[in-house]
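This report concerns only the one structure given below.
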Amino acid sequence: MHMYVHQGQINHIVGDVTYLALFLKRRNLYITIHDLNIFENSVGIKKFLIGMLWYQIPINRAQRISTVSDFTKEAIVSQFNISPCRVYVIPNPINSAFKFVEKRPISTRRTVNILQIGTKENKNIERCMVALNKLSDRYRLRLTVLGRLDHKRDLPSNGTLEIVNKWDLSLNDVAALYQESHLILFASTYEGFGMPILEAQAVGRPVVTSNLEPMRTVAGKGAFLVNPWSSADIARGIETLITNPQLADYLVESGLKNSKQYSLQKIAERYSAMYQANS
């Protein structure tokens, strides 16, 4: 009732609470959908309820829908049978905490610090671990995993790969992890967007990411693309950046240029244009 009484001129729901659209007027109501992961990974009555309360009903009530990638827009249009013109693609902006810091040169004579972002199933950590184990006989590698590891999972390890696990960090501490790394590993099997790619590019670190949408588009020319279903190909991407500093430098330069498209100011202008389209 409080939310209904105190509605503003524009009401925009973001995050995983789109069902709040049920309690707001349709006029000037906007919702942002980041991905369909929870819907696509559900079955039976759970999938039906999530589809209706988190997606179909809020979509029907909203004046406009925004999402973060063409990949997710296509999925929304297909799954929920709505007109593409109702869906605006507006990417996420890069937080200003992720600032460029001069690249730490990779050397095969020293430990190579690799940052893995995320531990959920779609983050593909098991295949990434297999890839790193293949390389750890030839290179000294330290893997920092951002996100709590479930130690009950049987993660493959040959004992020579150094693993550091960090979680519940402040935003500035997360940015520092990027800065301390030589390269970022983000070979997900599914993403609605892929913000770690842009965060790495803004800091000035080469990225190994998946040759899948939307990661491929988000990365632009600023990442080494691999097949996330193949640990051998993930290993190939990592080793290529370790042994080819010229390519790593090119990816950093390209990534910096790419990341400038995602400044807070540019993204705010796109949201403003969406709001004004209905005024």
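The values are calculated or read from the model by the stated rules, or taken from the named source; none is laboratory data. In this text, all values refer to a predicted model and were calculated from it rather than measured experimentally. In this analysis, Cβ positions are derived from the backbone assuming ideal geometry, glycine residues included, and neighbour counts consider all displayed protein chains. Heavy atoms of the whole protein, side chains included, go into the accessibility calculation; ligands, DNA and RNA do not. Shrake-Rupley method; radii C 1.70, N 1.55, O 1.52, S 1.80 Å.
Among the conditions (1) outside any loop (DSSP other than H, G, I, E, B); (2) crowded, with 18+ Cβ neighbours inside 10 Å, the only one that ILE106 does not satisfy is (1).
List every residue pair whose Cβ atoms sit under 7 Å apart, with the two residues 6 or more apart in sequence or on different chains, where the first one lies in segment 236-248 and is more than 19 Å from LEU143 (Cα to Cα) and the second, anywhere, is part of a helix (DSSP H, G or I) and β-branched (Val, Ile, Thr). Close Cβ pairs satisfying both conditions: LEU247/THR240.
Scanning segment 12-20 turns up one or more residues that are in a loop (DSSP other than H, G, I, E, B), out of contact with any His (no Cβ under 6 Å at 6 or more places or on another chain), in contact (Cβ under 8 Å) with a residue 24 or more places away in the chain and exposed (fewer than 13 other Cβ atoms within 10 Å of the Cβ). A single member of ALA200, ALA176 is crowded, with 21+ Cβ neighbours inside 10 Å, small (Gly, Ala, Ser) and not in a loop (DSSP other than H, G, I, E, B), and it is ALA200. For segment 207-224, does any single residue satisfy the condition of being of a type outside the set (A, V, I, L, M), under 18 Å from the mean Cα position of the chain (by Cα) and part of a helix (DSSP H, G or I)? Checked segment 207-224: at least one residue is of a type outside the set (A, V, I, L, M), under 18 Å from the mean Cα position of the chain (by Cα) and part of a helix (DSSP H, G or I).
State whether the residues of segment 80-89 include one that is more than 22 Å from PRO214 (Cβ to Cβ) and not in a helix (DSSP H, G or I). No; the residues of segment 80-89 include none that is more than 22 Å from PRO214 (Cβ to Cβ) and not in a helix (DSSP H, G or I). Yes or no: segment 149-163 includes at least one residue that is open to solvent by 40 Å² or more (accessible area, probe 1.4 Å) and in a strand (DSSP E or B). Within segment 149-163, one or more residues are open to solvent by 40 Å² or more (accessible area, probe 1.4 Å) and in a strand (DSSP E or B). Considering (1) part of a helix (DSSP H, G or I); (2) under 22 Å from the mean Cα position of the chain (by Cα); (3) crowded, with 16+ Cβ neighbours inside 10 Å, the lone condition that GLN56 does not fulfil carries the number (2). Annotation for segment 231-247: no member residue is modelled with pLDDT of 95 or more, crowded, with 20+ Cβ neighbours inside 10 Å and within 21 Å of THR72 (Cβ to Cβ).
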